[in-house]
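Q: If you scroll down you'll find the structure; I have some questions about it.
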Amino acid sequence: MSGRQRNYLDEHLPQWKINIDKAPQNLGGQNPADWFDKDYQDYALEIGFGGGEHLLGQARRNPQCGFIGCEPFPLGVAKLLRGIAQYDLTNIRIHCGDGRDIIDALADKTLCNLYLLYPDPWHKKKHHKRRFINTENLAAIHRVLTPRGGFLFASDIVPYVDWTLIHIRASGLFRLVAQSVEDWQAPPSQWFSTRYEEKAQREGRSTTYLRLQKLGGTIRKTGKK
């Protein structure tokens with residue numbers, strides 16, 4: 001990490017960093033508006049924003065929305081902070097940790113959109129339990145999305161896409177917004193490519209975009225995550 005990037009973390013992060021109240025009695029009741037300086041029409045969450053390319057693009061395109069980004073790696077956070085300063089954005093807040101921390105803190109039906117783009121696929125079978133997509137996390141995502149809220153999953157790893165489809169269908173909590181398999185191969189209309197996506201393209205891997213919409217109902221009981 002360069003000295004300039006370290007400077008962004010030291011001088012800029014405190015202004016945009018979210019402090020989560022982890023008191024048990026307050027979990028599941030946080031209004032995202034409390035983390036911002038003004039009220040926004042909508043709120044959205046990106047889990048694992050990497051270098052922040054997609055998050056910055058969304059925040060610039062949608063100034064009426066407050067965006068929360070989660071990223072545990074300092075280098076990615078520093079890159080996002082540089083973009084926030086460059087574009088003079090005020091509608092982004094940052095959690096330097098696990099996305100589940102934010103989800104667990106939020107009150108029901110508070111996010112209009114959630115983005116999970118190129119999550120770690122945990123290739124080894126013994127590590128599959130670490131994948132973010134599982135029965136418990138899908139139920140948690142469903143809880144915090146507004147009625148008919150959107151969930152966008154993108155990956156260039158075919159086995160992880162298959163894994164995600166199996167879990168989505170088993171949950172009964174989301175519907176795929178697609179008319180054909182070809183729809184999965186095209187990015188959404190409001191899409192901002194990331195460095196990881198560009199790397200995957202250079203290496204010959206194509207991305208699958210699963211656009212999901214929240215349904216009513218409760219989680220189905222399944223034997224495995």
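Each reported figure results from applying straightforward, stated rules to the coordinates on display, with no laboratory input. As the structure is a computational prediction, the values presented were derived from the model and not from experiment. Note that we place each Cβ from the backbone using ideal geometry, even for glycine, and neighbour counts take in every protein chain shown.
Q: Provide the FRET efficiency to the nearest 0.05 for the Lys109-Gln64 pair, computing r from the beta carbons and using R0 = 22 Å.
A: That gives a FRET efficiency of 0.75.
Q: Pop out the ³J(HN,Hα) list for the range 187-199 in order, Karplus 6.51 cos²θ - 1.76 cosθ + 1.60 with θ = phi - 60°, rounded to Hz; leave Gly and Pro as x.
A: With the stated coefficients, the range 187-199 comes to x, x, 5, 9, 10, 10, 5, 10, 4, 5, 4, 5, 5 Hz.
Q: Tell me what the chain gives for mean residue ellipticity at 222 nm when only DSSP H runs of n ≥ 4 count, each as -39,500 (n - 2.57), the sum divided by the residue total, rounded to 500 deg cm²/dmol.
A: Result for the chain, helices only: -10000 deg cm²/dmol.
Q: Among residues other than Lys109 whose Cβ falls under 10 Å from its Cβ, what is the net charge (Lys/Arg +1, Asp/Glu -1)?
A: Value of the local net charge: +1.
Q: Using +1 at the Cβ of each Lys and Arg and -1 at the Cβ of each Asp and Glu in the chain, identify which of Ile68, Gln179, His167 lies farthest towards the dipole's positive end.
A: The Cα lying farthest towards the positive end belongs to His167.
Q: While we're looking at this one, here's another question. Show the residues, 5+ positions off or on another chain, whose built amide H is closer than 5 Å to the amide H of Ile92.
A: Correct list: Phe67.
Q: Moving on to the next point. What is the Cα centroid distance between the range 141-187 and the range 1-57, reported in whole angstrom?
A: 25
Q: State the label only: which of (i) 129; (ii) 169; (iii) 140 corresponds to volume of the Cα convex hull per residue in Å³ computed from the shown model?
A: Comparing each candidate, only (iii) matches the computed number.
Q: Right, here's the next one. Rounded to the nearest 20 Debye, what is the dipole magnitude of the chain about its Cα centre when Lys and Arg each give +1 and Asp and Glu each give -1 at the C-beta?
A: My answer is approximately 880 debye.
Q: Grab the Cα-Cα distance for Ser193 and Val158, subtract it from 0.36 nm times how many residues apart they are, and report the gain in nm with one decimal.
A: 10.7 nm
Q: Under the definition of Cα pairs under 8 Å and six or more residues apart, what whole-number percent is the relative contact order of the range 3-214?
A: Relative contact order, the range 3-214: 22 percent.
Q: Antiparallel versus total DSSP beta bridges in the chain: what percent is that, nearest 5?
A: Of the beta bridges lying entirely in the chain, close to 30 percent run antiparallel.
Q: Still on this structure, I have one more. Report, by chain and number, residues whose modeled amide H sits under 5 Å from the one on Tyr118, excluding near sequence neighbours (fewer than 5 apart, same chain).
A: Ala154, Ser155
Q: Between Leu215 and Asp37, what is the label-point separation in nm under the 7 Å Cα-to-beta-carbon projection?
A: Label at Asp37, label at Leu215, 4.3 nm between them.
Q: Taking 0.36 nm per residue of sequence separation and subtracting the Cα-Cα distance, how much length would be gained by fully extending the chain between Met1 and Lys22, in nm to one decimal?
A: Full extension from Met1 to Lys22 adds 4.5 nm.
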